[in-house]
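Each reported figure results from applying straightforward, stated rules to the coordinates on display, with no laboratory input. Note that the structure is a prediction, hence the values are computed from the model and not measured. Here the Cβ positions follow ideal geometry from the backbone for every residue, glycine too, while neighbour counts run over all protein chains shown.
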C-alpha cells in the first residue's frame, strides 16, 4: 500500500530508523524538523505539514533531555505537551490518523510487575510529566490516534546507552553501571518496523480497536548493568573494546531526575491487536553493535 507519512523530527534515532526501514518500499517518509517545523512554535506546525497532504502523521519529535528538563520545565512542556497536542489537532482537522510516540517514564517504577496500558501513571520527573501531558493532549485532540509507549531505546543512530558503553569501553577504564533499574532494551530499528506496521493498520482500517494506547518494547527485560555486560561481551567477541563492569546502585549514580526502578512494559495488547511483537533484546542487540563497531 502506497503511504505518505509526515514525521515530526529529523535527526533522532527513531526518525533515522524510519527513513532506513522505509527505503525501497511503498512508504514515503517526510521527516520535518527545525526551523521548518518547531514544536515550540505552534504556528510552524500546520505550515510545514498541511501542504504535504500526508496519509498519517507520526509524532516522534520530543524534548528528551531527561535531566535537563528538571531545569527547563517550561520548554519541555511546550514541546512534549503543547506541541504534541497541536500536531494531533492538525491531524484531526485533516481527518487523518496520528501515531504518537511516548515513554515508560510516565510510570513511577514501583512494584515488580510489568506495566500495562491501563495502569495508573505517576511520573517521577518533568520529562515524564510532560510526556504524560502530551498523551492526554493527543487523545483530547482527536479520537483517530494511537499512542505508543516504548522504553530504553538504542540503535545505530543518535545518542544512546549502547553507544555510550562502547565509547567508555574504548577509553579502557572500569565502568560502573546501575543494576537496580529494570526495563526492556528496545532497538530503534525494531521500533521503526513496528510503527510502520501500525501506521498501515491505521490508514487502511478505521476500526476503533486499532486506536488507543499501546506498549511496544523489546522482548525480555534487563538492568542497565545487564545491558552493558551484553554490549561488552559481544564487542569483545568481535574485536571491539571491552572493560570490566562494576554493578552499582541508583544511589551511587545520582542524577538530576529520578528514574523509575521498574520500567518493564507489557506489550501483549499490541501483539493481539496490531500483530506487532518486537524481538527479544538479546536477539536485537548484536546487529546494532556490529554496525557501531564496523
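Summary of values
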quantity: Residues that are in a loop (DSSP other than H, G, I, E, B) and touching a strand residue (DSSP E or B) at 6+ places or on another chain (Cβ under 7 Å), drawn from the range 111-123; calculated: 111, 112, 114, 117
quantity: Residue tally, condition more than 21 Å from residue 163 (Cβ to Cβ) and either without any contact (Cβ under 8 Å) to a residue 24 or more places away in the chain or surrounded by fewer than 17 Cβ atoms within 10 Å (Cβ to Cβ) (or both), over the range 190-246; calculated: 8
quantity: Answer residue from the range 24-47, given it is under 23 Å from the mean Cα position of the chain (by Cα) and not in a loop (DSSP other than H, G, I, E, B) and is nearest to residue 2 (Cα to Cα) among those; calculated: 27
quantity: Failed item, numbered, when residue 66 is tested on (1) crowded, with 16+ Cβ neighbours inside 10 Å; (2) more than 21 Å from the chain's Cα centre (by Cα); (3) part of a loop (DSSP other than H, G, I, E, B); calculated: (2)
quantity: Of all residues in the range 124-155 being out of contact with any strand residue (DSSP E or B) (no Cβ under 9 Å at 6 or more places or on another chain) and part of a loop (DSSP other than H, G, I, E, B), the one that is nearest to residue 87 (Cα to Cα); calculated: 143
